[in-house]
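The values are calculated or read from the model by the stated rules, or taken from the named source; none is laboratory data. This structure is a prediction, so every number in the text was calculated from the model and none was measured. Here the Cβ positions follow ideal geometry from the backbone for every residue, glycine too, while neighbour counts run over all protein chains shown. The accessibility values were calculated without ligands, DNA or RNA, using every heavy atom of the protein model including side chains. Shrake-Rupley method; radii C 1.70, N 1.55, O 1.52, S 1.80 Å.
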Amino acid sequence: MMDTAFLVVTNRCSRRCAFCFYSTGYLSPTAGEMDAAGLFSALERLAGMGIRQVIITGGEPLLRPETVEVVRRAAAMGLGTLLLTNADPLDARAAAALVDAGLGGVSLSVNSPADAAMIDRVLPSLGGGRLAVTATVVMSGANAADLRALYDWAAARRIGIILQPAFVPPGAEGEAELSPRHFGAETWRRAAGLLEEWGKAQPHAAAYVRYILALYGKGTARPPRCGMGTDALVVDCDGAVYPCFHRRD
């Protein structure tokens, strides 16, 4: 049964991260976006089909003024909500509005020490414990030297962390500089050690960690079961529905 929906509210973003699907050419932005009525209608249809959690994403979802209302309506329908954001538009007022609307959790993109410093300024506004806060760190050649510092930053603030290797398709611009497949031996040793530490600290991540270590360390491992297309789906900002971010066919 479908349980989770990723609702892409916009392709627009305040950044152009080199490892983003849109930057590497892996995905193309949609030609248009649903209006507010379309977003709210999609939310109602998801609730009607039994979806229990909506993950609100983009682009940068906070660039759409309707995002707070999407959270409010989802919460009123009894849906769990998680917001994925780079936090650029997230000030104390925006954070308070999201918490008041009933947001269940927020996952913050933290890919550099500068990101961490910026997020430190808004953390006190994020619900005072009412909101589940996690940090997602995309591991790439751009931040390989900072991974330990970012991991320790999250641990010191008791923020959950997700370590996600940058997916850069073979042949994409910047692949050699960005993809963990091209980490040098010492850089990979440090990254692998951090992944192993994460897997031990958060047992739910253990299978994922084993797979990533094998995939990028050139070992062999059976991929963990993926729920995309069976337990979860994607609603893009133009209203199109896909089984997975990686599979638009």
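Provide the packing ranking of 51-63, 154-166, i.e. peptides ordered by the mean count of other C-beta atoms within 10 Å per residue, highest first. Display every interim value, and only then the final one.
Values: 51-63: 21.5, 154-166: 17.0.
The peptides rank, most packed first, as 51-63, 154-166.
State the antiparallel share, in %, of DSSP beta bridges confined to segment 101-249, rounding to the nearest 5. Don't skip to the answer; put the middle values down first.
On the way: 3 of 15 bridges.
The antiparallel fraction comes to roughly 20 percent.
Taking every pair of alpha-carbon atoms in segment 1-44, what share in percent sits in each 10 Å bin, from 0 to the bin with the longest distance?
22, 42, 32, 4
Given the C-alpha centroids of segment 129-148 and segment 1-33, what is the distance between them in whole angstrom?
19
Grab the other residues whose beta carbon is less than 13 angstrom from that of TRP153, score K and R as +1, D and E as -1, and report the net.
Details: positive: ARG148, ARG157, ARG158; negative: ASP115, ASP120, ASP146, ASP152.
The answer is -1.
Over 5 Å intervals from 0, what percent of Cα-Cα pairs in segment 1-107 sits in each interval?
For segment 1-107, the pair-distance distribution reads 2, 12, 23, 24, 19, 13, 6, 1.
Using only the Cα atoms of segment 59-206, what do you get for the radius of gyration and for Dmax, in Å?
Final numbers for Rg and Dmax: 16.6, 51 Å.
Under the Karplus relation 6.51 cos²θ - 1.76 cosθ + 1.60, θ = phi - 60°, what is the ordered set of whole-Hz ³J(HN,Hα) values for segment 27-41, x standing for Gly and Pro?
Along segment 27-41, the couplings run 10, 9, x, 5, 6, x, 10, 4, 7, 4, 4, x, 4, 5, 5 Hz.
Which value in Å does the Kirkwood hydrodynamic radius of the chain take, with 1/r averaged over all unlike C-alpha pairs and then inverted? Display every interim value, and only then the final one.
Values: mean 1/r = 0.0529 Å⁻¹.
In the chain this quantity evaluates to 18.9 Å.
Can you give the direction-averaged projected area of the convex hull of the alpha-carbon atoms in segment 107-162, in nm²? Don't skip to the end; give the middle numbers.
On the way: hull surface 13.7 nm².
Average of the hull's projected areas for segment 107-162 equals 3.4 nm².
Using each residue's phi in segment 134-149, evaluate 6.51 cos²θ - 1.76 cosθ + 1.60 at θ = phi - 60° and report the 3J(HN,Hα) Karplus result to the nearest Hz, with x for Gly and Pro.
10, 10, 9, 10, 8, 7, 8, x, 6, 10, 4, 6, 9, 4, 4, 5
If DNA, RNA and ligands are ignored and the probe is 1.4 Å, what is the ranking of GLU33, GLU44 by accessible area, most exposed first?
On the way: GLU33 70, GLU44 105 Å².
Largest accessible area first, the residues go GLU44, GLU33.
Calculate the dipole size of segment 1-153 relative to its Cα centre from +1 charges on Lys and Arg beta carbons and -1 charges on Asp and Glu beta carbons; express the result in debye to the nearest 20. Walk me through the numbers before you get to the answer.
Working: 12 positive and 14 negative charges, 21 e Å.
Using Cβ point charges on Lys, Arg, Asp and Glu, segment 1-153 gives about 100 debye.
Probe radius 1.4 Å, ligands and nucleic acids left out: which of MET77, MET49 has the largest accessible area, and how do the rest follow? Spell out each step's value before the answer.
Numbers: MET77 75, MET49 95 Å².
The ordering from most to least exposed comes out as MET49, MET77.
What's the ranking of 81-91, 231-241 by average number of surrounding C-beta atoms within 10 Å, highest first? Walk me through the intermediate numbers first.
Values: 81-91: 20.1, 231-241: 17.5.
So the order, starting with the most tightly packed, is 81-91, 231-241.
For the chain, find the longest principal axis of its Cα atoms and tell me its angle to the long axis of helix 92-101, 0 to 90°, nearest 10.
Relative to the chain, helix 92-101 is tipped by roughly 60 degrees.
In degrees, nearest 10, range 0 to 90: what is the angle between the Cα axis of helix 206-216 and the longest Cα principal axis of the chain?
That helix lies at roughly 60 degrees to the long axis.
Of the trypsin sites (Lys or Arg not before Pro) in segment 70-122, which ones lie in a loop per DSSP and count no more than 14 other C-beta atoms within 10 Å? Present the calculation step by step, with values, prior to reporting the outcome.
Details: sites: ARG72, ARG73, ARG93, ARG121; in loops: none.
The qualifying sites: there are none.
Give a residue-ordered list of calculated ³J(HN,Hα) values for segment 59-65 (Karplus: 6.51 cos²θ - 1.76 cosθ + 1.60, θ = phi - 60°; whole Hz; x for Gly, Pro).
x, 9, x, 6, 6, 9, x
Evaluate the distance, in nm, between pseudo-label points positioned 7 Å from the Cα of ARG45 and of ARG121 along their respective Cα→Cβ axes.
4.0
Taking the alpha-carbon centroid of each part, what is the distance from segment 224-249 to segment 159-201 in angstrom?
24
To the nearest 500 deg cm²/dmol, what mean residue ellipticity at 222 nm is calculated for the chain from DSSP H runs of n ≥ 4 alone, each contributing -39,500 (n - 2.57), summed and divided by the residues?
Value at 222 nm, helices only: -10500 deg cm²/dmol.
Using the reciprocal of the averaged 1/r over all distinct C-alpha pairs, how large is the Kirkwood radius of segment 126-249 in Å? Mind dumping the intermediate values first?
Numbers: mean 1/r = 0.0614 Å⁻¹.
Taking every pair of different Cα atoms in segment 126-249, averaging 1/r and inverting gives 16.3 Å.
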